[in-house]
Amino acid sequence: MVAPQKIFPIHPPNCPICAGWMVGDIVRKSSKMDDICRKSAIGFMVVRLDRFDLNLLVAFDILVEERNVTRAAKRLNLTQSAMSAALRRLRDAFADEILVQHGKKMIPTAAALSLAPEISAVVADLRGIIARGLSFDPAHSQRIFRIVASDYVTTVLIGPMLERMQKSAPGVRIEITLPRNDIHGRLEDGELDFIVAPERFLEGPHPRELLFEERHVVVGWSGNPMLQEPLTEDYYYSAGHVAVSVSRDGTFIENHLRENGDRRRIEIICAAFSQVAWMLPGTTRLALMHERLAKVMASRLPLRVVNAPIELPVMREMLQYHHARSADTGLIWFRDQLRDAAADRIV
């Protein structure tokens with residue numbers, strides 16, 4: 001048997017009976033290991049675990065993901081020196097460098113990469129266990145719920161939900177993050193509680209459920225001559241349009257149009273869904289908007305909402321959460337609030 005690099009002996013060094021070694025808490029055994037040697041190995045692991053700071057698993061998870069001590073420290077709200085100290089303790093605990101300097105970059109070792117998925121899962125499970133063990137009373141809770149949602153979802157769903165929560169859960173706080181490329185990794189690591197997004201943008205094996213279905217409509221200035229009579233496909237394509245680009249992944253409707261040979265003349269591109277309506281008054285431009293958002297904005301601005309003259313798919317807005325936290329009473333309560341708010345906002 002070839003011993004891995006930087007090993008800790010379980011039994012006497014080079015034990016002729018078991019020829020076993022430990023890398024961190026992982027035991028490698030040969031077929032010659034007997035019961036006595038196995039008991040020695042198990043005892044050694046128990047002692048090591050008793051002395052092991054489980055917070056180091058969180059540090060390991062973030063360090064391997066970020067591959068940068070400064071960024072990892074920022075994510076964990078630690079000083080750089082504290083993060084460096086955690087890395088030194090991890091190296092001692094696992095008898096491995098974990099991260100090695102390669103030019104200006106830090107690269108995870110092969111051992112660190114092999115352990116990373118298991119440690120990430122353990123960290124997520126521990127967070128779920130801790131959360132489930134805490135009773136949740138919305139009337140007195142100060143808990144922070146972290147959710148990824150677009151400004152559209154915030155306007156038509158979360159905002160109205162907060163009105164009802166003001167009395168039933170006055171101390172509950174919410175952190176809303178706009179969709180970006182790392183959200184699924186953050187959900188996997190337990191940094192996020194929920195993702196609300198169209199079905200096509202969800203990834204991974206975690207539970208998901210339908211919150212509501214949404215269609216897209218055409219919106220323009222109420223004084224737009226094109227909207228004074230039924231909007232035809234020719235009029236629609238002859239107008240200038242306002243579009244939205246919120247990330248590299250695109251948006252549900254923009255992706256659909258692009259995949260089907262978009263013929264619009266785009267004159268303005270907005271960075272948020274809620275910006276679109278403000279680009280329309282006093283102009284002849286048109287825009288495709290979520291129907292719920294369009295109705296909210298039409299109640300505040302001089303806008304007219306009409307059906308699209310082209311065929312468009314229905315969007316399924318989904319809620320996703322980590323499977324390890326399915327039984328978390330606080331998250332169950334919050335899911336119920338989202339479901340109720342979605343039901344109330346059905347167009």
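Model label sites at Asp344 and Asp53, defined 7 Å from Cα along the beta-carbon direction, differ in position by 4.5 nm. Averaging over all projection directions, the Cα-based convex hull of the range 220-300 occupies 5.4 nm² in the image plane. Beyond 28 Å, the tail of the calculated P(r) for the range 199-347 holds 28 percent of the Cα pairs.
Under the shape rule built on the C-alpha gyration tensor, where the axes satisfy a ≥ b ≥ c, the range 74-142 is prolate, since a/c reaches at least 1.5 and a/b is greater than b/c.
In the distance distribution for the range 219-266, Cα-Cα pairs more than 13 Å apart total 64 percent. Within the set of other residues whose C-beta is less than 12 Å from the C-beta of Met83, count the net charge using Lys and Arg as +1 and Asp and Glu as -1. With Lys, Arg at +1 and Asp, Glu at -1, the neighbours total +4.
Relative contact order, whole percent, for the range 65-191 stands at 21, derived from Cα pairs under 8 Å and 6 or more residues apart. Annotation: peptides 81-91, 95-105, ranked by per-residue average of other Cβ atoms within 10 Å with the highest first, follow the order 81-91, 95-105.
Karplus-derived 3J(HN,Hα) values for the range 335-342, using 6.51 cos²θ - 1.76 cosθ + 1.60 with θ = phi - 60°, are 4, 4, 5, 5, 4, 4, 5, 5 Hz; glycine and proline are entered as x. With Cα atoms as the point set, the radius of gyration and Dmax of the range 135-229 evaluate to 17.4, 59 Å.
Per-residue extension of 0.36 nm, minus the Cα-Cα distance of Ile332 and Glu267, leaves a gain of 19.0 nm for this segment. Between Glu203 and Tyr235, the contour length at 0.36 nm per residue exceeds the alpha carbon distance by 7.7 nm. Multiplying the residue separation of Arg164 and Ser245 by 0.36 nm and subtracting their alpha-carbon distance yields 26.0 nm.
Rounded to whole numbers, the Karplus 3J(HN,Hα) couplings from phi for the range 284-299 are 9, 6, 10, 8, 8, 9, 4, 4, 4, 5, 4, 5, 4, 6, 5, 7 Hz, using 6.51 cos²θ - 1.76 cosθ + 1.60 with θ = phi - 60°, and x at Gly and Pro. If R0 is 25 Å, the Cβ-Cβ spacing of Gln228 and Asn255 corresponds to a FRET efficiency of close to 0.20. Is the shape of the range 84-193 best called rounded, prolate or oblate, per the rule: a/c under 1.5 gives rounded, else a/b larger than b/c gives prolate, else oblate, with a ≥ b ≥ c the square roots of the Cα gyration tensor eigenvalues? Prolate is the answer for the range 84-193, as a/c is 1.5 or above and a/b outweighs b/c.
If you take the square roots of the eigenvalues of the alpha-carbon gyration tensor of the range 257-321 and sort them as a ≥ b ≥ c, do you get rounded (a/c under 1.5), prolate (a/b over b/c) or oblate?
Values: a/c = 1.61, a/b = 1.14, b/c = 1.41.
Oblate, since a/c reaches 1.5 and b/c is not below a/b.
Since every read-out is calculated from the coordinates, none of them should be taken as a lab result. All values reported here derive from a predicted model rather than from experimental measurement. Counting neighbours? That spans all protein chains shown, and the Cβs are built from the backbone with ideal geometry, glycine included.
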